[in-house]
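These notes concern the structure reproduced below.
The values are calculated or read from the model by the stated rules, or taken from the named source; none is laboratory data. Just so we're clear, the structure is a prediction, and the values are computed from it rather than from any experiment. Because the Cβ atoms are built from the backbone with ideal geometry, glycine has one as well, and the counts that use them run over all protein chains shown. Ligands, DNA and RNA are stripped out before the accessible areas are found, and what is left, the full protein with its side chains, is counted by its heavy atoms. Shrake-Rupley method; radii C 1.70, N 1.55, O 1.52, S 1.80 Å.
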Amino acid sequence: IFFIGFKYRNLKLGRKNEKPEFSDATYFALIFSAGVAVGLFFFGVSEPLWHAKTPGVWYRESKSYSEDEVDQLAMVTTLYHWGFAAWAPYLV
C-alpha cells in the first residue's frame with residue numbers, strides 16, 4: 001500500500017489549476033466519520049446478538065442468569081466496547 005500511495009502521491013483529480021474542494025483535515029474527518037458509522041451500523045446490531053447467543057460467554061455458561069439478564073449483560077458489554085473505552089485512545 002505504501003508503494004501505491006508513494007507512486008500516486010501527486011495525482012490530481014480535477015482540472016490542472018483547480019483548488020481542492022476539501023482540505024486534508026476535512027477529507028480525513030469525512031473518511032473517519034464514514035468508517036465509524038459503518039462500524040456502528042454493523043456492530044451496533046451484531047455485537048449484542050453475538051454476546052447474548054454465542055455459547056461460551058462467561059455469563060452464558062454459568063446458568064444462573066435469566067435470558068433477560070443475559071441480554072442486559074450483552075448490551076452492557078457492547079456499550080463498554082463502543083463507549084468511553086473505545087473513544088479514550090483518541091483523547092491521547
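The figures follow:
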| quantity | calculated |
| --- | --- |
| First in region 69-88 and under 14 Å from G39 (Cβ atoms) and touching a residue at least 60 places away in the same chain (Cβ under 8 Å), second anywhere and part of a helix (DSSP H, G or I) and open to solvent by 50 Å² or more (accessible area, probe 1.4 Å), Cβ under 6 Å, 6 or more apart | none |
| Residue satisfying condition, being under 22 Å from Y90 (Cα atoms) and modelled with pLDDT of 85 or more, within set V38, V76, V45 | V76 |
| Selection count, region 70-83, where residues are open to solvent by 100 Å² or more (accessible area, probe 1.4 Å) and closer than 14 Å to L40 by Cα | 2 |
